[in-house]
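Written below as structure tokens is the structure these notes are about.
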Amino acid sequence: MTALQRTSIVVGVGSEQGLGAALARRFAIEGHRVVVSGRTESKIAQVARAITDSGGNAEAFTADATIESDVVSLFDFAEGSGHSIDLVVFNAGNNVRHDFRTMPAALFEQTWRVATFGGFLVGREVARRLAPLGRGTVIFTGATASLRGKPPYTAFASAKAGLRSLAQSMAREFGPLGIHVAHVVIDGGIDGEKLNTAAPQLKLERGADGMLNIDAIAQAYWHVYLQHPSAWTHELDLRPFKEPF
């Protein structure tokens, strides 16, 4: 019987020119079967189609990471036909800026639900399914806001700080059981469709390599996945060489 491909799940995939899609492409290049997941069916279908057209193995699964039943169904799908999950990336997030005094409570709560509660739901499924196997990797995408809060990003900063704490807690509980839990701090602007559409002048202002290249970030995630268990990284920070910190 032919051995099944290792399966990766990427949660939080949007545009083909976004980080989630770059991660999915990177894992597929390395021979993984990739389950591409996000809330917008047309976007994830396009990402999966582009990967298969290039010779990779990718399947799209529409899911909202803030809905418990969606997350459970995503993992059930990934494990279908006897497949075994080996790598999971939680890449969902919704950076918002808003004056603190006029911020709607619903906006604060929704920001938390996407970045923190969604991370909990995904992380819990990883622990439930992979801890008994004694192996696997889960990587959470963080941000500058994971480390320090500042206006007008109060909601995003608190949510990302919560996700970072979740990742630390998981690492301490499940690392000894064989699950590699990592948190990647993206400290700078990502050269992808989202930021380039919202602030097209930034790329010109910052110059060559002044923003994080999505494929370079994906390569760093892959290196974390490859690490020997005697030398695991829990937290990795990535930033352009021009970025002050």
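The values are calculated or read from the model by the stated rules, or taken from the named source; none is laboratory data. What you see is a predicted model, and the numbers here were worked out from it, not measured in a lab. Here the Cβ is made from the backbone with ideal geometry for all residues, glycine too, and neighbour counts use every protein chain on show. The protein model used for the area step is the full one, side chains on, heavy atoms only, and it has no ligands, DNA or RNA in it. Shrake-Rupley method; radii C 1.70, N 1.55, O 1.52, S 1.80 Å.
Figures for the structure shown
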| item | result |
| --- | --- |
| From Gly142, Gly118, residue being crowded, with 17+ Cβ neighbours inside 10 Å, in contact (Cβ under 8 Å) with a residue 24 or more places away in the chain, within 13 Å of the chain's Cα centre (by Cα) and farther than 23 Å from Asn213 by Cα | Gly118 |
| Where Ile29 falls short, out of the listed (1) aliphatic (A, V, I, L, M); (2) over 21 Å from Val114 (Cβ atoms); (3) open to solvent by less than 50 Å² (accessible area, probe 1.4 Å) | (3) |
| Number of positions in region 98-124 that are in contact with a Leu (Cβ under 8 Å, 6 or more places away or on another chain) and more than 15 Å from Glu173 (Cβ to Cβ) | 3 |
| Residue among Ser37, Ser73 that is among the polar types (S, T, N, Q) and more than 30 Å from Thr144 (Cα to Cα) | Ser73 |
| Matching entry among Asp86, Asp99 (being of a type in the set (D, E, K, R) and touching a strand residue (DSSP E or B) at 6+ places or on another chain (Cβ under 7 Å)) | Asp86 |
| Selection count where residues are under 30 Å from Ala131 (Cβ atoms), open to solvent by 80 Å² or more (accessible area, probe 1.4 Å) and either in contact with a helix residue (DSSP H, G or I) (Cβ under 8 Å, 6 or more places away or on another chain) or not in a helix (DSSP H, G or I) (or both), scope region 174-215 | 1 |
| Test for Asp76: is it of a type in the set (D, E, K, R), without any contact (Cβ under 8 Å) to a residue 12 or more places away in the chain and over 21 Å from Ile190 (Cα atoms) | yes |
| Options Val185, Val181: the member that is within 19 Å of Gly18 (Cβ to Cβ), out of contact with any His (no Cβ under 6 Å at 6 or more places or on another chain) and among the aliphatic types (A, V, I, L, M) | Val185 |
| Leading residue by the ranking (nearest to Val96 (Cα to Cα)) among those in region 220-240 that are open to solvent by less than 60 Å² (accessible area, probe 1.4 Å) and outside any loop (DSSP other than H, G, I, E, B) | Leu238 |
| Pair list, Cβ < 8 Å and 6+ apart or interchain, from region 90-105 residues that are farther than 24 Å from Val185 by Cα to residues that are in a helix (DSSP H, G or I) and open to solvent by less than 40 Å² (accessible area, probe 1.4 Å) | Met103/Ala155 |
| Those residues of region 87-113 which are open to solvent by less than 10 Å² (accessible area, probe 1.4 Å) and more than 12 Å from Thr141 (Cβ to Cβ), in sequence order | Leu87, Thr111 |
| So Pro244, is it without any contact (Cβ under 8 Å) to a residue 12 or more places away in the chain, assigned to a helix (DSSP H, G or I) and open to solvent by 20 Å² or more (accessible area, probe 1.4 Å) | no |
| Residue match in region 129-138 (condition: touching a residue at least 40 places away in the same chain (Cβ under 8 Å), among the hydroxyl-bearing types (Ser, Thr, Tyr) and surrounded by fewer than 22 Cβ atoms within 10 Å (Cβ to Cβ)) | no |
| The one condition in (1) in a helix (DSSP H, G or I); (2) free of Cβ contacts under 8 Å to residues at least 24 places away in the same chain; (3) of a type in the set (Lys, Arg) that Arg148 fails to fulfil | (1) |
